Structure formats: C-alpha cells, structure tokens
Amino acid sequence: MNIGAGLSPATLSALIALVRKHTGIAMNERKSVLLERRLRPRMQALEIASYQAYLDKVEHDRAEIPHFIDLVTTNDTLFFRTPQVWDYVEHEFLPAWWDTQRGRRLDIWSAAASSGEELYSMAMLCEEFQATHPGFSYRILASDISRQILAVARAGEYGGRSVERIHLSHPEWVRKYFKAGGKGLRVVDALKQHVELAQHNLLTPLKPHRQFDLVFLRNVLIYFDQEHQEAVLRLARHSMAPHARLILGESESIGGLNTAYRYERPMIYTI
Ligand SMILES: C[S@@+](CC[C@H](N)C(=O)[O-])C[C@H]1O[C@@H](n2cnc3c(N)ncnc32)[C@H](O)[C@@H]1O
C-alpha cells in the first residue's frame, strides 16, 4: 500500500499532542521524519493511506492506542548499562541495605524497564549477593508503558548488540544465568521467578500502592518536558521507602527541577 503525502503541519501537531496525552513524551516538529518512519509499517498493515486517517483511528478507536504507544516509545537499553551504577549497587547499596534491613525482602522497581535488560542485570546481582548472604531475598517489579516491549522482557530472549556486550563484560554470568535459545540467549527461570511485569504509565499512581527500596528510573525522564518530569518524580517518590535510593540515567540531572529528592552522588538520589 502506498502512503500518500508526508505529514502535514496540522496532522503532525495533532499527533504530537496525542503522543503527549497518552505517554507524556514531549516531541517537537523536528520529529516529523521519525514519526513518519515509525507509523508507516502500522498504517501499511492496516491499509491506511494517509497520516490524517491514522490520526482519526487513534482518536476514535481505543483499541489502537496501545499500538500507537508501542510505536512512539523508544526502547534502547543494555545489560549493565552505565557500569558505575552497577558497581554502586553491588558494592555499596546491597551491603548497606543488608546491614540495616536484613530480615526483610529487598523490593526493587525497574520503572521504565523496556525489554528487561536492566531488571535481569539487577536479578543477577541479587542472585550473586544471595549466594554469600543466606536469608537474602528480593523481588523486582518491572513496568513499562509499552505492552509490546514488556512481552520481550517477559520472554527474556536476547540477541544482537545486547548479547555481544554481556558476553564480553560478564562471561561467567552468561554461562550461569542464560541458556542458548530464542534469538541467542534466554534468561533462566531462576531469575524470572523473582520478577513481576506490569504495564504502567509513570504519569499515573502505581496501584496497588507499594514502597520500594530501590527504584530505577533511568533514561525515561529525558523524553518528558519539565512539567511531566516533576510529575513522574513526585509519583515515584510516593513509591519509595524512607531509606530508598532512586537511580536516574547518566544524562538525567534533576538539579533544576522542583522536587524533594536529595542528591547523594551522580545519578543517585534519596528522599
Ligand atoms: C530508553 S528506555 C530505558 C530503558 C532502561 N530503563 C534503561 O535505562 O536502559 C525508555 C522506556 O521508557 C518507556 N516509557 C516512555 N514513556 C513512559 C511512561 N509514560 N510510562 C512508563 N514508561 C514509559 C518506554 O516505553 C521505554 O521502554
């Protein structure tokens, strides 16, 4: 199917408004080519020939909204992304948590989990910690707004760049925590059994209300404008225990925002 003219300015601004309404993501007119590239395969599959007609469908057919969300979100991630964060979790956060909270379960939230590399990186660290700290237990809630990407996290099957990197950085853990399968490697059930996956929009309160010891909110604030960044941070704070840590992405600084977090070190905040 041939898709006629490109995005008109009016359709583009209506689509940008819909992206913001459904995901909080702030796009601007410079994203026109990106939006066209992302929407086109879906439009072809639905045999919709114009961007205006696809816009009408998203506006009037609720069943299309999850597909639209899948298309407009950016899901880049890696195992052990930003190694200094994982050094901090392994060598400082976990031992300190154990000293003060031993006897409780460690509750972790990977709040923009994407395809799951972040949550399984954390699960591997927890398994290793458990091996030397009998009685240690943990649970990870992994959420994302995109159902499609959560299905990838649920399958736990990885290939390509993601797997090349972990083969080099953690060869021993690849042997221990993965099996050959799927696209290349499949996470073993021993990790999956500690994980709960849920579709969740960070601009809404997490239900049921829970308090976590560690919250990963990495590489998602960059997609929001200041108003939505502050809203997401305010909501995340409600889900943190008094001693909890919030971990942000490498390029995400919240110094200029109106929030009640306290800076601890680069990327790490307390409430
Ligand atoms: C670039 S990935 C980050 C993955 C991982 N945290 C990391 O740092 O490698 C951003 C993720 O945020 C999700 N996302 C975007 N807007 C969201 C929202 N309003 N609520 C929840 N997740 C959202 C996207 O679907 C995407 O999977």
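The figures follow:
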quantity	calculated
Karplus-derived HN-Hα couplings along the range 69-78 (A = 6.51, B = -1.76, C = 1.60, θ = phi - 60°), whole Hz, x at Gly and Pro	4, 4, 6, 9, 8, 10, 10, 4, 6, 8
Alpha carbon convex hull of the chain, projected area averaged over orientations, nm²	15.4
Within-12-Å neighbourhood charge of PRO83 [Cβ basis; K, R +1; D, E -1]	-1
Computed over the range 89-237: relative contact order in percent, which uses C-alpha pairs under 8 Å that are six or more apart	30
Cut-off under 5 Å, modelled amide H: who pairs with ALA198 long-range	ALA142, SER143, ASP144
The range 1-120: C-alpha pair distances exceeding 26 Å, %	41
Nearest-ten-degree value, helix 9-23 long axis tilted from longest Cα axis of the chain	30
Mean accessible surface per residue for the chain, computed with a 1.4 Å probe while every protein chain stays in place, in Å²	48
Estimated vicinal HN-Hα couplings, Hz - the range 36-43 in sequence order (Karplus 6.51, -1.76, 1.60; Gly, Pro = x)	4, 5, 6, 7, 3, x, 5, 5
Long-range tail of P(r) for the range 9-72 (Cα pairs > 14 Å, %)	52
Environment charge at LEU206 (Cβ cut-off 14 Å; Lys +1, Arg +1, Asp -1, Glu -1)	+1
Fraction of antiparallel bridges per DSSP, the chain only, in percent to nearest 5	40
Cα gyration tensor, the range 87-178 - rounded (a/c under 1.5), prolate or oblate	oblate
Lys, Arg +1 and Asp, Glu -1 on Cβ, resulting dipole of the chain about Cα centre, debye, nearest 20	340
The range 167-271 - convex hull of the alpha-carbon atoms, volume per residue in Å³	152
Kirkwood Rh, angstrom, the range 149-200 [1 / mean 1/r, Cα pairs]	11.6
Estimated vicinal HN-Hα couplings, Hz - the range 104-110 in sequence order (Karplus 6.51, -1.76, 1.60; Gly, Pro = x)	9, 8, 7, 10, 10, 10, 9
Value at 222 nm in deg cm²/dmol, rounded to 500, when DSSP H runs of n ≥ 4 in the chain each add -39,500 (n - 2.57)	-13000 deg cm²/dmol
Sparse-neighbourhood loop sites, GluC sites (Glu not before Pro) in the range 1-57 - DSSP loop, at most 10 other Cβ within 10 angstrom	GLU47
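The values are calculated or read from the model by the stated rules, or taken from the named source; none is laboratory data. A quick note: this is a predicted structure, and the numbers were derived from the prediction, not measured. Quick reminder, even Gly has a Cβ in these numbers, built from the backbone with ideal geometry, and neighbours come from all protein chains shown. What goes into the accessible areas is simple: the full protein's heavy atoms, side chains included, and nothing from ligands, DNA or RNA. Shrake-Rupley method; radii C 1.70, N 1.55, O 1.52, S 1.80 Å.
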